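Okay, so here's the structure we're looking at.
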Amino acid sequence: MRVLVTGGAGYIGSHTLLELTAQGHEVCVLDNYSNATPEVLTRVRSLSNGIIHDFIGDVRDTAKLDEVMQDFVPEAVIHFAGLKAVGESTEKPLLYYDVNVSGTLTLLRAMERAGCNRIIFSSSATVYGEPVYLPYDEAHPTNPTSVYGRSKLMAEQILTDWAATSPERTAVLLRYFNPVGAHASAQIGEDPTGVPDNLMPFIAQVAVGKRDALQVFGNDYDTPDGTGRRDYIHVVDLARAHVAALNYAQGATGARPFNIGTGQSYSVREMVAAFERACGKPIATKQVGRRAGDIAAMQADSSRANAELDWVATHDLDAMTASTWAWQSKNPDGYKGS
Ligand code: NAD
Ligand code: UFG
């Protein structure tokens, strides 16, 4: 299939390009490089035998989207392009609603004009908010606690209303849990700008000597060791969920959300211990207070994705930490080192 991948130069997008082309899909990336570098596509192309077109542009740019649609004529779109920093979303709500909500609207209008009826959307477990029960299933109430989470939920609602207008239309809403890890080649991986917000890239930067110590946010949660627990999912498993979603979308109609996680959760302390095993050295930590807005624990019930997408996560925690360490140790400065 011809698949337009917005945000395809980013962390999850780049891994997905490799899985798509490995399955024979022809892909076209649209990225404005606000959080990526063109070096990513150079590396992806060196790892893939597939056809990878690319355009530089913004998902809010109507004229650029029309140009891409006319040139590439996609049969489906995977929409990764968006902003994802929870803290920043509180400081810049209009920017987050503009990129994540208006960007989705502009893209859908361009798809309508081009007659493209299938979309796979990057949503997030953060749409659920404070757990009423765990594991979250897709019927769990949605009550996001950040601007970022609300922007994802609004985009889901727009996609759901759009998909309801014609039996030809499908929107697959993938609610990711916590993506970590890197490609087996160690050529592509997560390369955050500035101080990492997320646990795994922060631990990896401590291991490689770029940061002194991991701050452990809170040790008084209602969890066995008092630190926060999350459902970490290997980025290659997540990438494969998009290929599965594309297959599903060919025979589906309407919008449907799917949790994409492993169903297992690990604490901050367990993640540090697992990373120490992978890199063979101690990770310095500093216990500090809770981070505002964090919840104690979350975990996915992904049985819907297992059954309906015919997808299952296959990488375990050691594969997540080992691949992160391989990427970080071979690319201590991320893509900037090349
Ligand atoms: P990323 O920042 O690495 O990738 C996003 C890509 O989109 C980048 O290449 C960036 O340059 C591009 N982009 C941003 N704004 C754009 C715009 N206006 N026009 C065109 N391109 C634009 O992030 P990621 O971790 O790969 O996440 C991909 C998607 O998955 C995002 O929508 C994110 O919200 C969602 N998501 C991520 C996580 C996570 O923890 N990484 C969890 C849940 C959901
Ligand atoms: N943590 C630390 N120290 C750090 C960073 C994180 O102790 O320096 C802890 C957090 O308190 C939490 C756990 O590690 O308990 C995971 O935190 P992350 O920031 O890595 O991930 P979050 O669960 O907070 O959020 C991430 C993404 C969201 C996404 C969500 C989906 O940032 O965009 O996963 O579950 F929506």
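The values are calculated or read from the model by the stated rules, or taken from the named source; none is laboratory data. Quick caveat, the model's predicted, so the values are computed rather than measured. As a convention, Cβ positions derive from the backbone with ideal geometry for all residues, glycine included, and neighbour counts pool all protein chains shown. Protein only, heavy atoms only, side chains kept; ligands, DNA and RNA dropped before computing areas. Shrake-Rupley method; radii C 1.70, N 1.55, O 1.52, S 1.80 Å.
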ask   = Shape call for the range 256-338 from the C-alpha gyration tensor, a ≥ b ≥ c root eigenvalues: rounded (a/c under 1.5), prolate (a/b greater than b/c) or oblate?
value = oblate
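If you take the square roots of the eigenvalues of the alpha-carbon gyration tensor of the range 1-114 and sort them as a ≥ b ≥ c, do you get rounded (a/c under 1.5), prolate (a/b over b/c) or oblate?
oblate
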ask   = Do the sum for the chain: with -39,500 (n - 2.57) for every DSSP H run of n ≥ 4, divided by all residues, what is the mean residue ellipticity at 222 nm, to the nearest 500 deg cm²/dmol?
value = -11500 deg cm²/dmol
request  = In whole angstrom, note down how far apart the Cα centers of the range 34-85 and the range 194-232 are.
outcome  = 31
ask   = Under a straight-distance cross-link criterion of Cα-Cα below 17 Å, which lysines are reachable from K92, leaving out those fewer than 8 residues away in the same chain?
value = K84, K152
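Taking K and R as +1 and D and E as -1, what net charge do the other residues with C-beta under 10 Å from the C-beta of S185 add up to?
Once positives and negatives cancel, what remains is +2.
Counting alpha carbon pairs within less than 8 Å and at least 6 residues apart, what relative contact order, in whole percent, applies to the chain?
Once normalised by length, the contact order is 19 percent.
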inquiry  = Which of G82, G50, G149 ends up with the largest GNM mean-square fluctuation for the chain, with Cα atoms connected below 10 Å?
reply    = G50
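Work out the length of the dipole vector of the range 1-149 about its Cα centre, built from +1 on the beta-carbon of each Lys and Arg and -1 on the beta-carbon of each Asp and Glu, and round it to the nearest 20 debye.
Here the size comes out at about 100 debye.
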key: Environment charge of R45, counting only residues whose C-beta is closer than 13 Å and scoring Lys/Arg +1, Asp/Glu -1   = -1
query = By how many degrees, 0 to 90 and rounded to 10, does the Cα axis of helix 268-279 deviate from the longest principal axis of the chain?
reply = 90
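If contacts are Cα pairs under 8 angstrom and at least 6 residues apart, what is the relative contact order of the range 98-164 in percent? Intermediate values should be presented prior to the final figure.
On the way: 45 pairs, mean separation 24.2, N = 67.
Reported relative contact order: 36 percent.
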query = Relative contact order for the range 209-329: what is it in percent, counting Cα pairs under 8 Å that are at least 6 residues apart?
reply = 41
key: Rounded Å value of the spacing that divides the Cα centres of the range 243-298 and the range 111-157   = 17
inquiry  = As I understand it, the value is the acute angle between the Cα axis of helix 235-250 and the longest principal axis of the Cα atoms of the chain; what does it come to in degrees, rounded to 10?
reply    = 30
query = Under a 1.4 angstrom probe, counting protein chains only, how are M154, M271, M298 ranked by accessible area, largest first?
reply = M154, M298, M271
query = On the accessible surface of the chain, probed at 1.4 Å, how many percent belong to carbon and sulfur atoms?
reply = 48
query = Rg and Dmax of the chain over Cα atoms: what are they, in angstrom?
reply = 19.1, 56
note = Descending accessible area (1.4 Å probe), largest on the left, turns L134, L17 into L134, L17
request  = Please state the charge dipole magnitude for the chain, taken about the Cα centre, from unit charges on C-beta atoms (+1 on K and R, -1 on D and E), reported in debye and rounded to the nearest 20.
outcome  = 420
inquiry  = If I fit a long axis through the Cα atoms of helix 103-114 and take the longest principal axis of the Cα atoms of the chain, what angle between them do I get, 0 to 90°, rounded to 10?
reply    = 30
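Can you give the accessible area per residue of the chain, in Å², using a 1.4 Å probe?
41
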remark   = Rounded to the nearest 10 Å², the 1.4 Å probe accessible area of K281 is 80
